[in-house]
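J.: So that we are looking at the same thing, I have put the structure below in structure tokens.
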Amino acid sequence: MTDTKVECVKGNIASQPDMDAVVNAANAELLPGSGVAGAIHSAAGPGLAVECRALAPISPGEAVISSGHNLPNRHVIHCLGPVYGVDEPSDRLLAECYRKALLLADQHRLVSVAFPAISTGVFGYPLKEAAAVAMKTVADTLPSLSSVGVIRFVLFSDQDLSVFREALTREPELSGD
Ligand code: AR6
């Protein structure tokens, strides 16, 4: 879709009520964890972990979709990012997370998807490199999307937000804000 809007905001991934789906920076077992996974599971309620049992385990670079339970979103797309320096090649596996999540959202005819900065917390991926991979993958995947029209990156701090905004400006196909 050529007029897809890509935006970066500061906030909590579990508080994005205007999005059809939010993406979880999951663990392989799709269990509640810390960071993004903790925030998503606690807002969704225990039904999310129950549904996830049948979808787990997943491998680095993989994405699966569940319903949103008590979240304000219809769906959660769970991605297992690479552990930086362990799951190799980390850049390709991180790109696969973004690509597969976008394709899954599109297959489900979703219009809006919000991503956290996958792998940049517990999994140790340097933020600037991760932001570049995220934006390049969005740019590369856009031509394959027909339903997704809004892609939002939700960052936890002002510093992380500025790194993602900078990476967005480096992808000429993506409209900056
Ligand atoms: N909203 C938006 N961003 C957040 C939030 C939030 N509520 N909480 C943290 N971040 P992480 P990973 C940022 O560790 O590196 C879990 O335990 C955070 O500052 O959540 O992929 C899972 O169970 C960082 O920039 O995900 C896995 O075991 C980014 O989101 C493992 O950690 C990702 O941090 C996954 O590690």
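A short reminder: the numbers here are calculations on the coordinates, not readings from a lab. What you are looking at is a predicted structure, and each value in this text was computed from that prediction instead of being measured.
J.: Per residue of segment 101-107, in order, report the coupling 6.51 cos²θ - 1.76 cosθ + 1.60 (Karplus, θ = phi - 60°) as ³J(HN,Hα) in whole Hz, putting x for Gly and Pro.
T.: Once rounded to whole Hz, the list reads 5, 5, 5, 4, 4, 5, 4.
J.: Hey, another quick one. For segment 5-175, what does the alpha-carbon gyration tensor say about shape, rounded, prolate or oblate, given a ≥ b ≥ c as the root eigenvalues, a/c under 1.5 as rounded, and a/b over b/c as prolate? Could you put the intermediate results ahead of the total?
T.: Numbers: a/c = 1.40, a/b = 1.22, b/c = 1.15.
Because its axes are fairly even, with a/c under 1.5, segment 5-175 counts as rounded.
J.: So what J values fall out for segment 25-39 if you push phi through Karplus, 6.51 cos²θ - 1.76 cosθ + 1.60 with θ = phi - 60°, rounded to Hz, Gly and Pro as x?
T.: Once rounded to whole Hz, the list reads 7, 8, 9, 4, 8, 6, 9, x, x, 9, x, 4, 4, x, 5.
J.: While we're looking at this one, here's another question. Can you run phi through the Karplus equation (6.51, -1.76, 1.60; θ = phi - 60°) for segment 140-153 and list ³J(HN,Hα) in whole Hz, with x for Gly and Pro?
T.: Per-residue couplings from phi come out as 5, 8, 3, x, 8, 9, 10, 10, 5, x, 9, 10, 10, 9 Hz.
J.: Distance from the Cα centre of segment 50-83 to that of segment 12-34, in angstrom?
T.: So the two Cα centres are separated by 8 Å.
J.: Next question. Under the rule of at least 5 residues apart or a separate chain, name every residue whose amide H is placed under 5 Å from the amide H of LYS5.
T.: Distant-sequence amide H within range of LYS5: VAL150, ILE151.
J.: With a cut-off of 8 Å between alpha carbons and a minimum separation of six or more residues, what is the relative contact order of segment 5-175 in percent? Mind showing how you got there, number by number?
T.: On the way: 359 pairs, mean separation 49.2, N = 171.
Relative contact order here is 29 percent.
J.: Which pairs break 19 Å Cα to Cα here: LYS10/LYS100; LYS5/LYS136; LYS10/LYS128?
T.: Numbers: LYS10/LYS100 24 Å; LYS5/LYS136 15 Å; LYS10/LYS128 16 Å.
Pairs exceeding 19 Å: LYS10/LYS100.
J.: Share of antiparallel DSSP beta bridges in the chain, in percent to the nearest 5?
T.: On the way: 5 of 22 bridges.
Antiparallel: roughly 25 percent of the beta bridges in the chain.
J.: Quick one: which residues, 5+ away or cross-chain, put their amide H under 5 Å from the amide H of SER67? H built at 1.01 Å from N.
T.: Here the answer is VAL76, since their amide H atoms fall under 5 Å of that of SER67.
J.: Quick one: compute the contact order of segment 97-146, relative version, from alpha carbon pairs under 8 angstrom and 6+ residues apart, as a percent.
T.: Working: 24 pairs, mean separation 24.7, N = 50.
Over segment 97-146, the number comes to 49 percent.
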